[in-house]
Structure formats: structure tokens, C-alpha cells
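Rule-based calculations on the coordinates, nothing more; no lab input. All values derive from a computational prediction rather than experimental measurement. Ideal geometry is used to build each Cβ from the backbone, glycine not excepted, and the neighbour counts take in all protein chains shown.
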Amino acid sequence: HDIQLTIDMELMEAFDRAYRQHPSGAAVVVDIHTGAVRALYSKPVYDPNQMSSGLSTKRYAELTGDPFRPLIDKTMYETYFPGSTFKVITALAALEDTAVDPSQRVECLGSLKIGRQKFRCNKRHEWVDLYESVVRSCNVYFWALAEEVGLERINRFAHAFGFAERTGIGVNSEAKGFLATREWYAEHYGKFRIGYTLNTAIGQGNTRVTVLQLALAYAASANGGALYAPQVVHNVRAPDGSLSETFQPRVRRDVGVSPQHLELMRRALVDVVQEETGTAYKARNKDGVRVAGKTGTAQVVSRKGRSEESSSAWYLDRSHGWFAGFAPAEDPRVAFAVLVEHGGSGGASAAPI
């Protein structure tokens, strides 16, 4: 029997070209109306034929010692801090539970002090409302929002969008990701502090997601709230060419967000790319398909104090760059999540891809 996949090889090759200047990363593209996976791209890779014919000791050592981890499928097995791509979840949690008036403005002076700790924004944004804070990715607004929304609400909506659970794709080993609770923080850090909620609101702290989860979450935000199970097999055909089996789209759940709130997020994500103040404006398509999305710059776990020393040590301490969204902006057909490991700013590294 022949298996016909949902994967688009031209799209996979396009990713391969787009990632040439980056040593590692991952990207996923899904159909927002069916959950069909159009691309699962992980870099670097290895030749699977070498595995079946038997690896030499030297080659095995090269693969296991590579700091960019070619043996790991980064689309679904590795987990990452989502950075500011997670702000969409925080915003929808606040809107849906009427914890915020979207027109209310918050003053961003470039930082927020809570107790003795100072949380820094990426710049001084002055006065911003919810829409502007998404477009310009203002951390201070979302920290203020987090105090109103609370960790439990944020986690509840994150779970609804598929985080901290396996998607059920059935290909390779899949990680669940992680959403920390108040109880978890109390157990691991002695007590719960408001700073943990602030970090969660902007996709840092202990929140971890897979690239596949993020793409499916943005698909749900683009299609009206349907969270699909990802699908990689389109159909199975018998040796004579006749159709043996087909696989219908499967909705896991409705995320429970009203159309007007999803529309507000959609407009903000369009202007992240299309408006001059947007964090992905420089990567926009001046002619051709208009894209909507959210950039993210996620800090990595510090490597200080580790014994390993290499010429790439400085690079491995750089933040990861994200860009997640959907296209075409006006009538979405696909959603995507693009990660450049150690790429720095998502607007500069991931959005151009």
C-alpha cells in the first residue's frame, strides 16, 4: 500500500533555503481548517540511512556531541519558552474573563518595579492599550495585565489552546510541554510570588511549549476557535491505486473564546507585521501575501558555570527567536510557528523566514 502524506515538499525545501544562515531551528505549518500538517522542519538533521547501515563510533560521537542536537526532532520533542508569542493567550484570557477593558491604557516607562525586583521592557512605549501592546510587544502592559488576570486564568486558557498536553500526532516522540501552577511554585521555590505570574504572562518563567503546539494554537485563533488534532497522513492507497483508507479532520475541542475577542487579536496580529510600529514590520511582504503574526524573543537557560567551552559558547547563550501567526492575513488558510535557536530578536531572525 502507498501512503500519501499531507506534507508539502516544496514548502519543506523553501524552509531549508530560508534557514541557510542559521545553524539550528524548527518550523511547523498547518492547515487551519483541517489540522493537516504542511511542513515539519527541524534543523540540523542527519542521514537516516547511516543509522540503518550502522554508524561508526566517530560519527556517533559527532552526532551526540553536536551542540545543535541533530538527533532531536525540534518540532515536537524539544520544548522552549514561547516568549512574547504567548501574549496572545494572556490577552484572550483577560478579555474572555472581562478582567480588562481593552481600551484602558497603561503607561510604560521601560520597566516595572515590584518589591525589590525590577522587570525591564524592551523599550519605553509610553501609553499603550491592549491592541497597541500586542503590536509593539510591550511587556509592562502585560505585567500589569497579569496582576489582574492571575496565573490560574492564564493557565486555564493555555490548556484550552492545547499547551501542556500532547497533540497526538503519532510521529516520533512527542513532549507535553509544561505550565507551572501556584502549587508547583510553592513546592519548588518555597512559596508563590507575583513575579512568577508576570513571567508566565510574557511566555517566560517555567512555561514550555513545542513548535507544533504553538502552530496549532495560532491555527485555532485564526479559524474561530477550533483546536484540531494534527494530521500527517492524507490517505492510503492499495497496490492497484484504489483508495483504501482516508482520514477525516478531527477537532479536539473548541477553545471557548468569543468571535469578537478573536477578531481583536487578529487585527493586532495583522498590524504586528503591517504597521510601522509593529515588531515584524521590517519583514513584511511589500508585494504579495500579507501575513499576520507575533514575534517573540525567549531567553535561554544560562550556561554559566558549565564546564563545556567552545568557540560557539557565546552563540549558545543568545535568546531564541520566534515568529508565529497565519496567512493570508485577510482570509487565513495556514498557521505557522517558526523558531530560530539562538537567533536573538524574533523580528530580525524568525519573521524574515
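Any idea which of Pro102, Pro70, Val128 is furthest toward the positive side of the dipole for the range 69-173, if Lys and Arg beta-carbons carry +1 and Asp and Glu beta-carbons -1? Result: Pro70. Amide H contacts of Arg252 (H built 1.01 Å from N, in plane; Pro and chain starts excluded): Leu227, Tyr228, Ala229 sit under 5 Å, all sequence-distant by 5 or more or on other chains. Seen against the Cα atoms of the chain and their longest principal axis, helix 139-149 is set at about 80 degrees.
Among 119-131, 272-284, how do they line up by average Cβ neighbours within 10 Å per residue, starting with the highest? Mind showing how you got there, number by number?
Numbers: 119-131: 15.9, 272-284: 19.3.
Order by mean packing, descending: 272-284, 119-131.
Under the convention that each Lys and Arg Cβ holds +1 and each Asp and Glu Cβ holds -1, the size of the dipole of the range 66-221 around its Cα centre is about 560 debye.
Computed over the chain with a Gaussian network model linking Cα atoms closer than 10 Å, the most mobile of Gly35, Gly256, Gly83 is Gly256.
Here each label is just a point 7 Å from Cα along the line to Cβ, and for Leu243 and Ser52 those points are 3.0 nm apart.
Near Arg290, within a Cβ-to-Cβ distance under 9 Å, what is the net charge of the other residues, with Lys and Arg +1 and Asp and Glu -1? Spell out each step's value before the answer.
Details: positive: Arg284; negative: Glu330.
Result for the local shell: 0.
The phi torsions of the range 331-342, fed into the Karplus equation with coefficients 6.51, -1.76 and 1.60 and a -60° offset, translate into couplings of 9, x, 10, 10, 10, 8, 9, 10, 10, 10, 5, 6 Hz, rounded to whole numbers, with Gly and Pro shown as x. For Gly344, the residues whose modelled amide H falls within less than 5 Å of its own, excluding neighbours fewer than 5 places apart on the same chain, are Ser319, His320, Gly321. Quick one: angle between helix 259-274 and the longest Cα principal axis of the chain, in degrees between 0 and 90, rounded to 10, please. Relative to the chain, helix 259-274 is tipped by roughly 80 degrees. Subtracting the Cα-Cα distance of Asp8 and Arg290 from 0.36 nm times their residue separation leaves 99.5 nm of extension gain. What is the helix-to-structure angle for 87-96, meaning the angle in degrees between its Cα long axis and the longest Cα principal axis of the chain, kept from 0 to 90 and rounded to the nearest 10? Computed tilt is about 60 degrees.
Taking the Cβ of Gly190 as the centre, find all other residues whose Cβ is under 14 Å away and add up their charges (Lys, Arg: +1; Asp, Glu: -1). Intermediate results must be reported in sequence, preceding the final value.
Details: positive: Arg182, Lys191, Arg193; negative: Glu183, Glu187.
Its environment carries a net charge of +1.
Computed 3J(HN,Hα) for the range 23-36, one whole-Hz value per residue from the Karplus formula 6.51 cos²θ - 1.76 cosθ + 1.60 where θ = phi - 60°, is x, 7, x, 7, 8, 9, 10, 10, 6, 6, 9, 9, x, 4, glycine and proline marked x. Positive end of the dipole of the range 1-42 (Cβ unit charges, origin at the Cα centre): among His1, Pro23, Tyr41, the Cα lying farthest that way belongs to Pro23. Working note: Karplus 6.51/-1.76/1.60 with θ = phi - 60° gives the range 5-17 the couplings 8, 7, 5, 9, 5, 5, 5, 4, 5, 5, 4, 4, 5 Hz, where Gly and Pro are set to x.
What does the charge count around Ala164 come to, taking other residues whose C-beta lies under 13 Å from its C-beta (Lys +1, Arg +1, Asp -1, Glu -1)?
Numbers: positive: Arg156, Arg166, Lys176, Arg208; negative: Glu165, Glu174.
Surrounding charge for Ala164 is +2.
For Val334, the residues 5 or more places off, or on other chains, whose built amide H falls under 5 Å of its own are Ile32, Ala327.
For every helix of n ≥ 4 consecutive DSSP H residues, a contribution of -39,500 (n - 2.57) applies; sum these over the chain, divide by its total residues, and give [θ] at 222 nm rounded to the nearest 500 deg cm²/dmol.
Result for the chain, helices only: -9000 deg cm²/dmol.
What the Cβ-Cβ distance of Phe119 and Tyr189 gives, at R0 = 22 Å and to the nearest 0.05, is a FRET efficiency of 0.80. The peptide list 212-224, 162-174, put in order of mean Cβ contacts within 10 Å with the highest first, becomes 212-224, 162-174. Peptides 51-63, 176-188, ordered by how many other C-beta atoms sit within 10 Å of their residues on average, highest first, read 176-188, 51-63.
Run the numbers for Asp317 and His33: contour at 0.36 nm per residue of separation, minus the present Cα-Cα distance, in nm.
On the way: separation 284, 0.36 × 284 = 102.24 nm, distance 3.79 nm.
Using 0.36 nm per residue and subtracting the Cα-Cα distance, I get 98.5 nm.
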